[in-house]
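The values are calculated or read from the model by the stated rules, or taken from the named source; none is laboratory data. Model, not experiment: these values are computed from the prediction. Neighbour counts run over all protein chains shown; Cβ positions are idealised from the backbone, glycine included.
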Amino acid sequence: MIVSEAAEEILEALWISYEEEKHETLSLSELRTAPEIHILKELLEAKIIEHPEKDKIKLTEKGLHHARDAVRRHRLAERLLTDELAVKSSLIHDTACKFEHHLHKGIDSNVCTLLGHPKFCPHGKPIPPGNCCKEESKSALPAVSKLSTLGHGQDGHIAYLHTLDPKRAQMLISMGVVPGAPIKLLASFPSYLFKLGEGQYAVDSSIAGEIYVRLG
């Protein structure tokens, strides 16, 4: 079932409230913009949300699945815009809001596979896994691995960075650790030594665990 873009924004807010903040209900006043009556009616009639109290809404069991998928599409869109299209960070959220609506069932799996089944969005929030991620986890060789888990001599291309430290991210980017750059692990002791372009760099295990490499 495909709902409107405005309805998807409500679903995302409800998912965050339910999954991240552990609140089952959400006040309408907590939404970024006040929802129009016809949008709420759309979700109520589809049995995606309930209206248990005045000014309160909550997800139904059916709604949880729809909301989870909406959040997955949004965060995959943010990852795609950041890693592959190099969209400026200030534009990512609004652009992703428009783009995610086109990632219907099937297309989102293709995007997820292209990106190497990322686990986090650029803001560090978890991307709900899809069936494609479950299939990938069963394979002997994952599409994307942390630099810290590579074997000596193993190489690939940087898929994405996952660090919540802006200074660390800036340091890595200044070294050339950016999505698409070729990288090869040379040693893992006493530090992680890797080749990046014509240069060689050494980082500790915590930093090596924040660099994700697309193998092959």
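Miscellaneous remarks
- First in the stretch 64-85 and assigned by TED's automatic domain parsing to the domain that holds Lys22 and of a type in the set (Asp, Glu), second anywhere and in a helix (DSSP H, G or I) and at pLDDT below 85, Cβ under 8 Å, 6 or more apart: Glu78/Ile92; Glu78/His93; Glu78/Ala96; Glu84/Leu114
- Filter result for Leu91 (buried (at least 17 other Cβ atoms within 10 Å of the Cβ), over 11 Å from the mean Cα position of the chain (by Cα) and modelled with pLDDT under 80): no
- Among the residues of the stretch 154-178, those that are among the polar types (S, T, N, Q) and under 24 Å from Pro122 (Cα atoms) comprise Thr163, Gln170, Ser174.
- Filter result for Gly176 (outside the structural domain of Leu76 (by TED's automatic domain parsing), modelled with pLDDT under 95 and within 18 Å of Pro118 (Cα to Cα)): no
- Annotation: of all residues in the stretch 20-59 being among the acidic types (Asp, Glu) and out of contact with any helix residue (DSSP H, G or I) (no Cβ under 8 Å at 6 or more places or on another chain), the one that is farthest from Pro128 (Cα to Cα) is Glu53.
- Exactly one residue out of Arg214, Arg168 is touching an Asp or Glu at 6+ places or on another chain (Cβ under 8 Å), surrounded by 15 or more Cβ atoms within 10 Å (Cβ to Cβ) and of a type in the set (Lys, Arg): that is Arg168.
- Look at the stretch 101-129: where a residue is in the same structural domain as Gly156 (by TED's automatic domain parsing) and farther than 17 Å from Ile211 by Cα, no partner that is at pLDDT 85 or above and not in a loop (DSSP other than H, G, I, E, B) sits 6+ places away or on another chain with Cβ atoms under 9 Å.
- Test: residue in the stretch 179-194 that is closer than 22 Å to Pro126 by Cα, under 21 Å from the mean Cα position of the chain (by Cα) and surrounded by 15 or more Cβ atoms within 10 Å (Cβ to Cβ): yes
- Within the stretch 133-151, one or more residues are surrounded by fewer than 15 Cβ atoms within 10 Å (Cβ to Cβ), of a type outside the set (Val, Ile, Thr) and at pLDDT 90 or above.
- Of the residues making up the stretch 14-42, those that are surrounded by fewer than 19 Cβ atoms within 10 Å (Cβ to Cβ) and among the small types (Gly, Ala, Ser) are Ser27, Ser29, Ala34.
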